[in-house]
Amino acid sequence: MELIPGLPNDVAIECLIRVPFSQISKAASVSKNWKAEIQLPEFRQRRKAAGFTQPLIAMTRADSNLNEHIRDDDDGGARRLHHYLLKICDPERRFSYEVPSIPGLSKGVPMFCQVAGVGTNLVVIGGYDPVSWKTLNSVFIYDFLTATWRDGAAMPGGQRSFFGSASDGDHRILVAGGHDGNKNALASALMYDVAKNEWVVLRDMARERDECKCIFHRGRFHVVGGYCTDRQGDFESSAEALELDDVDGWKWDELENIHEMDLALTKIEVPGGHSDTVHVQSCCYLEV
């Protein structure tokens with residue numbers, strides 16, 4: 001397989017790993033050989049080791065131009081429907097762009113969904129349908145290499161909203177806590193393998209954690225804060241950690257000294273141009 005005529009493949013690969021992330025999908029469309037090479041896990045590893053991956057921030061943010069008063073509440077009033085866009089921000093080059101719409105969702109990404117970066121993929125999990133407000137268990141995966149969306153395996157276990165999620169940056173995503181269709185806080189947790197497109201049900205956490213936050217740090221997933229069913233909105237300062245290589249089946253360890261980790265916020269505000277601010281519902285860090 002000759003990647004660039006007249007050049008050894010090692011030299012050709014050195015050229016390809018220098019392609020900016022914004023042009024990766026175009027490079028992958030040049031030829032079948034280029035696409036096959038770029039899609040190899042080793043390609044990203046080599047690109048990252050050489051320092052050519054780019055740090056990005058993906059966020060779901062409200063688009064005030066698309067808000068509509070089109071849904072009636074149960075009490076007969078009108079509810080404002082906020083439409084959310086999926087934006088990619090490059091903090092080093094100080095620019096952002098909008099990701100193409102998810103097929104079948106004409107009114108933006110699901111409200112209160114979670115986003116996670118896994119390798120060269122951006123994964124959108126759950127949330128509410130932006131029109132019907134139906135709770136979704138859907139998984140949508142955006143591939144930066146091909147600039148296309150694909151469906152992932154649906155999240156199992158019934159309705160789950162306002163859950164926490166985090167990625168190990170490689171191929172796994174943790175989903176933990178949240179609440180069910182009756183607003184009961186959940187102690188259950190799931191693991192999604194993006195490469196295998198498979199979900200695994202994990203052991204329950206020690207306590208219910210609605211609106212918790214998840215982070216991945218030093219080989220472990222951490223679930224921070226949240227609240228139980230009978231203490232709505234009363235966020236705790238406790239946390240639990242899950243060891244990925246635990247041979248006993250990924251046990252949860254309760255953590256105590258986390259009072260300085262104020263991660264119980266449910267939204268952040270970022271500059272939105274001029275004097276406005278933009279409501280960000282979910283965001284994640286990734287390298288492409």
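Within the set of pairs 6 or more residues apart or between chains, which connect a residue that is under 16 Å from PRO5 (Cα atoms) inside region 22-34 to a residue that is at pLDDT below 90 and surrounded by fewer than 16 Cβ atoms within 10 Å (Cβ to Cβ) with Cβ atoms less than 8 Å apart?
ASN33/MET1; ASN33/GLU2
With respect to LYS196, is the statement that it is part of a loop (DSSP other than H, G, I, E, B), modelled with pLDDT of 90 or more and closer than 21 Å to SER282 by Cα true?
no
So which of ARG172, ARG150 ends up being within 26 Å of HIS83 (Cα to Cα), assigned by TED's automatic domain parsing to the domain that holds TYR227 and among the charged types (D, E, K, R)?
ARG150
Kindly establish whether GLY119 is in contact with a Pro (Cβ under 6 Å, 6 or more places away or on another chain), in the same structural domain as THR135 (by TED's automatic domain parsing) and either at pLDDT 90 or above or within 20 Å of CYS284 (Cα to Cα) (or both).
no
As an exercise: evaluate ALA206 against (1) in contact with a Lys or Arg (Cβ under 6 Å, 6 or more places away or on another chain); (2) part of a loop (DSSP other than H, G, I, E, B); (3) of a type in the set (A, V, I, L, M) and give the number of the one condition it does not meet.
Among (1) in contact with a Lys or Arg (Cβ under 6 Å, 6 or more places away or on another chain); (2) part of a loop (DSSP other than H, G, I, E, B); (3) of a type in the set (A, V, I, L, M), ALA206 violates only (1).
Every residue in region 177-219 that is over 13 Å from PHE162 (Cα atoms) and of a type in the set (Lys, Arg), please.
LYS196, ARG203, ARG207, ARG218
Okay, residues lined up against (1) farther than 25 Å from ASP234 by Cβ; (2) in contact with a Cys (Cβ under 9 Å, 6 or more places away or on another chain):
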site: ALA166; (1), (2): no, yes
site: GLY169; (1), (2): yes, no
site: LEU174; (1), (2): no, yes
site: ASN184; (1), (2): no, no
site: LYS196; (1), (2): yes, no
site: ASP204; (1), (2): no, no
site: CYS212; (1), (2): no, no
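So which residues in region 214-236 are crowded, with 16+ Cβ neighbours inside 10 Å and acidic (Asp, Glu)?
If the condition is that a residue be crowded, with 16+ Cβ neighbours inside 10 Å and acidic (Asp, Glu), then GLU236 is the only one that fits.
If we scan region 181-189, do we find a residue that is outside the structural domain of GLN45 (by TED's automatic domain parsing) and without any contact (Cβ under 8 Å) to a residue 12 or more places away in the chain?
Checked against the condition, which is being outside the structural domain of GLN45 (by TED's automatic domain parsing) and without any contact (Cβ under 8 Å) to a residue 12 or more places away in the chain, region 181-189 yields at least one hit.
Confirm whether ILE102 is surrounded by fewer than 22 Cβ atoms within 10 Å (Cβ to Cβ) and modelled with pLDDT of 95 or more.
No; evaluated as a whole, the condition is false for this residue.
Within region 15-42, can you find the residues that are of a type in the set (D, E, K, R) and touching a helix residue (DSSP H, G or I) at 6+ places or on another chain (Cβ under 9 Å)?
Within region 15-42, ARG18, LYS35, GLU37 qualify.
The values are calculated or read from the model by the stated rules, or taken from the named source; none is laboratory data. All values derive from a computational prediction rather than experimental measurement. For neighbour counting, all protein chains shown are included, and Cβ atoms are generated from backbone atoms with ideal geometry for every residue, glycine included.
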